[in-house]
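Novice: For reference, the structure I am asking about is given below.
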Amino acid sequence: MRSVLERMHRARRPPLHTLSPEEARRAYALGAGVLELPMPKLARVERLSIPTRDGQAVGARLFSPRAADSGVAVPTLVYFHGGGFTVGSSATHEVLCRELARLSGCALVSVDYRLAPEHRFPTAVHDAFDALQWVHRQRDALSLGEEMPLAVGGDSAGGTLAAVCALLARDAGLPLALQLLFYPGTTAHQDTDSHRRFAHGFVLDQPSIRYFFDHYIDPSQREHEWFAPLLAPELEGAAPAWLGLAECDPLVDEGVAYADQLRMAGVAVDLEIYRGVVHEFIKMGRAIPEARLAHAHAAAAMRRWLWA
């Protein structure tokens with residue numbers, strides 16, 4: 001991991017927080033696949049268009065190890081990519097989603113929710129939950145099998161959206177079998193010890209976090225549970241959770257805190273902390289063995305909760 005960080009430093013690419021959002025998106029997209037595994041082949045890859053509550057539509061990509069005409073129903077996980085609500089896409093996370101589909105035998109629908117600053121809070125939450133509800137209704141039409149379990153997942157900001165969707169689904173009576181969370185953001189204010197310890201030099205740094213959140217949300221809204229699910233008044237009844245955290249990540253403390261809060265609310269929780277790695281490590285499978293281990297653990301959780 002140290003070697004990867006040193007190579008990143010030697011590349012001297014401008015930090016995302018010094019760029020405009022459009023420039024940051026291009027830069028993030030250009031670097032997204034550098035340390036990824038080779039693109040896994042799947043029997044089915046499709047583009048989808050999902051309607052939202054304001055009459056617009058968001059794109060999505062469906063990945064499945066089964067062809068649409070195979071006649072075999074599979075469970076489905078709706079996935080939200082990371083990127084601080086400002087950068088990233090289903091394209092930047094395609095390798096990860098393909099790999100999870102390959103290892104788990106499940107279908108994944110990766111959602112291109114709308115990004116800030118053009119679309120500020122709570123648009124991403126609305127898009128995410130609209131997409132989850134749409135996939136729930138359309139599983140039969142998508143040849144996925146409406147009788148099969150449904151789950152939600154994401155990394156970083158996408159992990160926040162997944163955690164929020166798990167609570168919204170509970171309140172709406174939409175049954176979920178699992179919430180799969182890679183290093184989710186859960187707090188209103190970035191004031192934990194890990195935010196201080198890993199503020200600089202560990203991929204996701206303090207200036208970048210401030211940059212992303214300033215684009216996404218007003219300070220007066222930060223304690224809303226749709227931004228900070230750790231502040232939700234009630235977590236009881238949420239879907240079982242699997243959390244994969246990075247030890248050297250500003251977000252690790254709030255991830256542990258959220259796992260603890262879920263457990264205290266009676267939610268089944270599996271928590272893995274991958275030692276010596278940083279934020280974004282799950283997209284570094286070519287260089288970091290812990291990324292491949294995290295993929296395997298996440299896929300095992302999917303098989304356990306979705307194929308039961």
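Every number here is computed from the coordinates shown, using simple stated rules; none is lab data. Just so it is clear, the structure is predicted and the values come from calculations on it, not from any experiment. Glycine gets a Cβ as well: all are built from the backbone with ideal geometry, and neighbour counts include every protein chain shown.
Novice: How big is the range 2-306 by the Kirkwood estimate over distinct Cα pairs, in Å? Walk me through the numbers before you get to the answer.
Specialist: Values: mean 1/r = 0.0525 Å⁻¹.
Kirkwood radius, the range 2-306: 19.0 Å.
Novice: Moving on to the next point. Ratio to report: Rg/Rh of the range 86-163, with Cα atoms as the point set and Rh obtained by the Kirkwood method; give two decimals.
Specialist: 0.97
Novice: Please compute the modelled spin-label separation between SER3 and MET39, points set 7 Å along Cα→Cβ, answer in nm with one decimal.
Specialist: 2.7
Novice: Give the shape of the range 192-308 as rounded, prolate or oblate, defined through the alpha-carbon gyration tensor: a ≥ b ≥ c are the square roots of its eigenvalues, a/c under 1.5 means rounded, and otherwise the shape is prolate if a/b is larger than b/c and oblate if not.
Specialist: In terms of gyration-tensor shape, oblate.
Novice: In vacuum, with every alpha carbon of the range 92-132 counted as one equal point scatterer, what does the Debye formula give for log10 I(q)/I(0) at q = 0.16, 0.25, 0.32 Å⁻¹? Two decimals, please.
Specialist: -0.51, -0.83, -0.99
Novice: After finding the eigenvalues of the alpha carbon gyration tensor for the range 253-308, what semi-axes result from the square roots of 5 times each, listed largest first in whole Å?
Specialist: 23, 17, 6
Novice: Here's something else I'd like to know. Using just the C-alpha positions of the range 48-98 as equal point scatterers, what log10 of I(q)/I(0) does the Debye formula give at each q in 0.24, 0.27 1/Å?
Specialist: Values, matching the q order: -1.07, -1.16.
Novice: Taking 30 Å as R0, compute the FRET efficiency from the Cβ-Cβ separation of HIS200 and GLU46 and round it to 0.05.
Specialist: That gives a FRET efficiency of 0.15.
Novice: With just the Cα atoms of the range 1-125, tell me how far they stretch along each of the three principal axes, in Å, largest first.
Specialist: 50, 40, 16
Novice: Give me MET8, MET302 ranked fewest to most by other Cβ atoms within 10 Å of their Cβ, as a rough exposure proxy.
Specialist: Result, fewest neighbours first: MET8, MET302.
Novice: Can I ask one more? Rounded, prolate or oblate for the range 134-216? Axes are the square roots of the Cα gyration tensor eigenvalues, ordered a ≥ b ≥ c, and the cut-off for rounded is a/c under 1.5.
Specialist: Values: a/c = 2.98, a/b = 2.69, b/c = 1.11.
Because a/c hits 1.5 or more and a/b exceeds b/c, the range 134-216 counts as prolate.
Novice: Separate question: Work out the FRET efficiency for ASP140 and ALA308 from their Cβ-Cβ distance, taking R0 = 30 Å, and round it to the nearest 0.05.
Specialist: Computed FRET efficiency for ASP140 and ALA308 comes out at 0.90.
Novice: Then there's this: What percent does the relative contact order of the chain come to when contacts are Cα pairs within less than 8 Å and at least six residues apart?
Specialist: Computed over the chain, the figure is 19 percent.
Novice: Compute the distance in nm between two label points, each set 7 Å from the Cα along the Cα-to-Cβ direction, one at ASP191 and one at GLU23.
Specialist: 3.3
Novice: Compute the FRET efficiency between ARG120 and ALA300 as 1/(1 + (r/R0)^6), taking r as their Cβ-Cβ distance and R0 = 35 Å, and round to the nearest 0.05.
Specialist: Once the sixth-power term is evaluated, E becomes 0.45.
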